[in-house]
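K.L.:
I am attaching a structure below and will ask some questions about it afterwards.
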Amino acid sequence: MTGMIVVSDYDPQWAEQFQDLRQRLAPHVADLAVSIEHVGSTAVPGCAAKPIIDLDIVVAEDAAMPELISRLTGQGYRPEGDLGIPGREAFQAPSAAPEHHLYGVVSGTKPNLDHILLRDYLCQRPDEVRRYSALKVALAQRFRADSEGRQEYSAAKGALVEELVAKSYAARAAGEP
């Protein structure tokens with residue numbers, strides 16, 4: 001029987017887990033990557049999250065993506081395509097690695113900016129973090145931790161995520177952090 005989705009209070013160890021994963025990946029992609037970014041809720045201090053680190057490997061141009069896919073596949077990652085988000089490549093982590101979500105994105109594209117701007121926006125706004133966290137905790141109690149439940153959970157928080165992403169773009173345009 002599948003349990004409910006797990007959303008945990010913020011854990012400072014998430015930053016350390018990201019650094020560990022980054023150090024594992026960097027030797028294989030350093031010459032391709034503009035940066036390796038910690039994104040998603042685990043990258044926002046104080047934010048409740050599913051305890052799974054999200055990382056973006058940011059490349060300078062789309063032409064680098066086939067080589068990135070090839071190198072990550074060589075490290076045991078399984079390419080999953082864009083999973084419905086054009087301009088992003090998702091990867092399933094090798095079974096021996098700590099559980100994490102890995103994405104390849106091109107610098108300056110919508111998938112890249114959505115992740116970075118939202119992270120940076122939330123890091124500056126504890127009130128929005130509390131609002132987002134409260135919604136995630138409430139939703140986690142409603143949905144099962146199976147494929148269908150995770151899709152329903154993501155859909156249910158989608159409106160707030162879209163609102164926060166829009167606010168993050170507006171803040172950037174206004175020159176705010």
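K.L.:
Where residues in region 74-106 are small (Gly, Ala, Ser) and more than 15 Å from the chain's Cα centre (by Cα), which of them is most open to solvent (accessible area, probe 1.4 Å)?
P.N.:
Ser95
K.L.:
Cβ contacts < 9 Å: first residue under 8 Å from Tyr121 (Cβ atoms) and small (Gly, Ala, Ser), restricted to region 164-177; second residue open to solvent by less than 70 Å² (accessible area, probe 1.4 Å) and outside any helix (DSSP H, G or I), any location; separation 6+ or different chain. Result?
P.N.:
Listed by first residue and then by second, the contacts come to Ala171/Arg125.
K.L.:
Can I ask one more? Tell me the residue from Ala156, Ala134 that is assigned to a helix (DSSP H, G or I), exposed (fewer than 15 other Cβ atoms within 10 Å of the Cβ) and either among the aliphatic types (A, V, I, L, M) or at positive phi (or both), please.
P.N.:
Sole residue among the options that is assigned to a helix (DSSP H, G or I), exposed (fewer than 15 other Cβ atoms within 10 Å of the Cβ) and either among the aliphatic types (A, V, I, L, M) or at positive phi (or both): Ala134.
K.L.:
Of Leu72, Leu139, which residue is within 30 Å of Asp31 (Cβ to Cβ) and in a helix (DSSP H, G or I)? So that I can check it myself, show each step before the final result.
P.N.:
Details: Leu139 fails: within 30 Å of Asp31 (Cβ to Cβ).
Being within 30 Å of Asp31 (Cβ to Cβ) and in a helix (DSSP H, G or I) holds for just one of Leu72, Leu139, which is Leu72.
K.L.:
Go through (1) open to solvent by 20 Å² or more (accessible area, probe 1.4 Å); (2) in contact (Cβ under 8 Å) with a residue 40 or more places away in the chain; (3) not aromatic (Phe, Trp, Tyr) one by one and return the number of the condition Asn112 breaks.
P.N.:
Only one criterion in (1) open to solvent by 20 Å² or more (accessible area, probe 1.4 Å); (2) in contact (Cβ under 8 Å) with a residue 40 or more places away in the chain; (3) not aromatic (Phe, Trp, Tyr) is unmet by Asn112, namely (1).
K.L.:
For region 1-33, which residues satisfy the criterion of being surrounded by fewer than 11 Cβ atoms within 10 Å (Cβ to Cβ) and part of a loop (DSSP other than H, G, I, E, B)?
P.N.:
Those that are surrounded by fewer than 11 Cβ atoms within 10 Å (Cβ to Cβ) and part of a loop (DSSP other than H, G, I, E, B): Met1, Thr2, Gly3, Pro12, Ala30, Asp31.
K.L.:
What are the residues in region 34-48 that are surrounded by fewer than 16 Cβ atoms within 10 Å (Cβ to Cβ) and either at pLDDT below 95 or touching a His at 6+ places or on another chain (Cβ under 8 Å) (or both), if any?
P.N.:
none
The values are calculated or read from the model by the stated rules, or taken from the named source; none is laboratory data. As the structure is a prediction and not an experimental result, all values here were calculated from the model. Please note: Cβ atoms are built from the backbone with ideal geometry, for glycine as well, and neighbour counts cover all protein chains shown. Side chains are part of the model used for accessible areas, which takes the heavy atoms of the whole protein and leaves out ligands, DNA and RNA. Shrake-Rupley method; radii C 1.70, N 1.55, O 1.52, S 1.80 Å.
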